[in-house]
Amino acid sequence: MLYEEQQVMEAFRLYTRLALKGYGDKEALRLYLADDVVRGLVEEFAQEVECTVISAGDQLYLIPLALSSPFHVSNQSLKDQYLPAYAVNADIYLMYVAIIILFGEFYDSYQTMEATREFLTLDHWLTRLNERLLALKEINPKELEKMESELEYNWQQVIDKWDALDDLKEKVKAQDARTRSRLGFLNTVKKFLEAQDLIRDIGEDEVTLTEKAQTIIQRYYMEVQHNQNILEFIYRNSPDKERK
């Protein structure tokens with residue numbers, strides 16, 4: 001297929017903006033939606049770097065789909081930008097579990113396509129994460145080891161890391177990465193999610209999902225079988241999370 005030079009350049013400029021910032025403004029979204037050729041070229045450029053392009057609200061986003069994508073947030077970047085100096089890979093595993101629990105609390109089940117909760121308090125997030133990790137802790141060690149192999153996830157490290165956090169400091173008012181408490185850890189995860197435009201702080205220790213987050217969860221997150229298996233494992237025997 002032959003393309004007009006103007007369309008190719010418009011698509012390349014639009015892709016470049018997305019690659020530099022990770023998102024585009026209303027004008028970028030207008031151009032993306034208005035011209036089928038430009039949209040198709042931008043999507044092809046994105047595929048070359050294992051990404052996809054989504055629209056959410058009045059913005060356009062470039063979303064990595066694979067760990068090998070140059071736009072994927074690496075473990076080292078997480079450590080350098082968000083976690084304290086003493087952080088190890090277990091901290092990242094725990095971050096992932098905390099994010100799963102946070103997203104899960106906004107939906108009746110991971111099969112529903114629309115969020116059923118408008119906001120979530122940090123205390124509720126902390127309570128639910130603690131409940132789920134306590135449930136995992138009660139699993140027979142041999143079965144837990146088997147699930148680690150099947151899901152390629154070190155659950156024992158996650159449990160140990162959570163246990164090592166000092167829950168006696170939860171009443172300290174200033175909770176951040178330097179406060180080695182469970183609530184301090186959730187504040188670290190919160191900052192990461194805010195930086196990625198996945199949640200928004202609405203005050204009173206409450207957060208809400210952004211349109212970007214809801215779009216990603218609906219279109220991609222729930223469709224990955226590996227994610228589904230992890231979700232089923234974490235939420236098994238949870239009476240308030242029905243599976244449809």
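The values are calculated or read from the model by the stated rules, or taken from the named source; none is laboratory data. Note that the structure is predicted; figures quoted are calculated from it, not measured. Backbone-built Cβ (ideal geometry, glycine too); neighbour counts: all protein chains shown. The area values use the complete protein model at the heavy-atom level, side chains included, leaving out ligands, DNA and RNA. Shrake-Rupley method; radii C 1.70, N 1.55, O 1.52, S 1.80 Å.
So the values come out like this:
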| read-out | value |
| --- | --- |
| Computed accessible area, Glu4, all protein chains, 1.4 angstrom probe, square angstrom | 120 |
| Length released on extending from Ser69 to Glu48, taking residue separation times 0.36 nm less the Cα-Cα span | 6.6 nm |
| Signed unit charges on C-beta, dipole axis of the chain, positive-most listed residue Thr121, Gln214, Asn140 | Asn140 |
| Cα centroid separation, the range 1-25 to the range 46-103 (Å) | 23 |
| The chain - percent relative contact order, Cα under 8 Å, separation 6 or more | 17 |
| Helical contribution to [θ] at 222 nm, DSSP H n ≥ 4, -39,500 (n - 2.57), averaged over the chain, rounded to 500 | -17000 deg cm²/dmol |
| Largest-first ordering by accessible area, 1.4 Å probe, given options Arg182, Arg236 | Arg236, Arg182 |
| Surface per residue (accessible, 1.4 Å probe) for the chain, Å² | 56 |
| Long pairs among Lys146/Lys190; Lys190/Lys212; Lys79/Lys142, criterion Cα-Cα beyond 27 Å | Lys146/Lys190; Lys79/Lys142 |
| GNM top mover of Asn229, Asn187, Asn130 - the chain, alpha-carbon springs below 10 Å | Asn229 |
